[in-house]
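Working notes, structure below.
The values are calculated or read from the model by the stated rules, or taken from the named source; none is laboratory data. Worth saying up front: this structure is predicted, and the values here are computed from it rather than measured. As a convention, Cβ positions derive from the backbone with ideal geometry for all residues, glycine included, and neighbour counts pool all protein chains shown. The accessibility values were calculated without ligands, DNA or RNA, using every heavy atom of the protein model including side chains. Shrake-Rupley method; radii C 1.70, N 1.55, O 1.52, S 1.80 Å.
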Amino acid sequence: MNPMKDSVAIMDDIMDHVTQTEMWNNILMTDPLIQDAEKELDSNLEALEGIVSDEQIESLRAAAWGLASATDYPAILYGMRVAQAIQEVSASPASLSQCILDRVVKCREGRT
């Protein structure tokens, strides 16, 4: 039994399920930035019609979606880390105040 290996396997299962939820799919289908990027991809791929084969166009489309999908896990993990950092700082407002004071002192001393 390897606790870290087990934890990674559990996390992988969770991430798979997070990206398969109805809410996640709704985001993919309605987010304006995603929709604009998909239109841009489609436009560029349509410009290749007659120049390269349909199979190559579909291969490029699959590669683009593969790249986009590859960012799901890191983005979710980063979001979780950000949420954790916010929670930690919220529990210690004095630490945040000290950080801000230290930044002000550095700025005043010209050490930005």
Residue check, Ile27 part of a helix (DSSP H, G or I) and open to solvent by less than 80 Å² (accessible area, probe 1.4 Å) = yes
remark   = Within region 1-26, the residues that are within 15 Å of Leu77 (Cβ to Cβ) and acidic (Asp, Glu) are Asp12, Asp13, Asp16
task = Select, from Ile51, Ile76, Ile34, Ile57, the only residue that is among the aliphatic types (A, V, I, L, M) and open to solvent by 60 Å² or more (accessible area, probe 1.4 Å).
result = Ile51
remark   = Note on Met1: of the conditions (1) assigned to a helix (DSSP H, G or I); (2) open to solvent by 80 Å² or more (accessible area, probe 1.4 Å), unmet is (1)
